[in-house]
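First the structure, in the form of structure tokens, and then the observations on it.
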């Protein structure tokens, strides 16, 4: 039981990192980027290619996946995404879905459709057993690394958005871009940096999850629904919402697939519907003031 709970927490933390960039672009930039999963896939392939063809160590590939996908996000924001900011949400959805299918086709053509294997370092292959009997806790070293890394990342991002000058500039740029620009805030640069960070987080999540979730060209299509569920259930106005939603859904998914394998995926969607019927705007959406 405790082992399943821990595995669910680790899976939820992965979903949190993978979904966080989408929550940022949707909640703070009011842009629906359904190509977010393509950035996650790109981060996973950066890790695989650097490890297999360049011989980089695993831990060095993780920041490289973040940096390279963030740079790609900045370039694409400047060239493709920026003209779409003022468009209706339906246009944004169709545009980003088109980019997703283009990314899937490009990766399938250039790297093949086979599943990619990730060779974890020896220190991440260990497993620790604590307790005994029904309350025995089995902790995989890599899953523990994921949990600790994601907790640290959530704390850093929360501090960045709430306590730094960049966070205040971003909130001002979102609330009223014209007034923010009039006050000297470089709105376009703030949006580009925000989009780049969101893309980099997706790439980092894709690299972290390549061993657990698997990696192939269909990755964006398989997991985009989960990213959207996390954002819808948790809300997009804070870091806390996606974190709690990802943990709840991760635990529910792992528990459901273990105790009711035939209904595993069904349980997640039932939980999503129940939460949204109770809180249509998400668990942690700030209520508007009159």
Exercise. May I ask you to sort 19, 110 by Cβ crowding, counting other Cβ atoms within 10 Å and putting the fewest first?
Key: 110, 19
Quiz item: Can you list the equivalent-ellipsoid semi-axes of the chain, largest first and in whole Å, using the square root of 5 times each Cα gyration tensor eigenvalue?
Solution: 31, 24, 19
Quiz item: In what order do 122, 77 fall by count of nearby beta-carbon atoms within 10 Å, going from fewest to most?
Solution: 122, 77
Quiz item: How much length is gained on full extension from residue 136 to residue 212, taking 0.36 nm per residue of separation minus their Cα-Cα distance?
Solution: 25.2 nm
Exercise. Mind sorting 56, 135 by how few other Cβ atoms lie within 10 Å of their own Cβ, fewest first?
Key: 135, 56
Quiz prompt | Share of pairwise Cα separations in segment 27-140, more than 19 Å, in percent | solution = 60
Self-check item: FRET efficiency estimate (nearest 0.05) - Cβ-Cβ, residue 82 to residue 102, R0 22 angstrom
Solution: 0.75
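We did not get these values from a lab; they are worked out from the coordinates using the rules stated. What you see is a predicted model; the values in this text were computed from it and never measured. Reconstructed Cβ throughout: ideal geometry from the backbone, glycine too, with neighbour counts over all protein chains shown.
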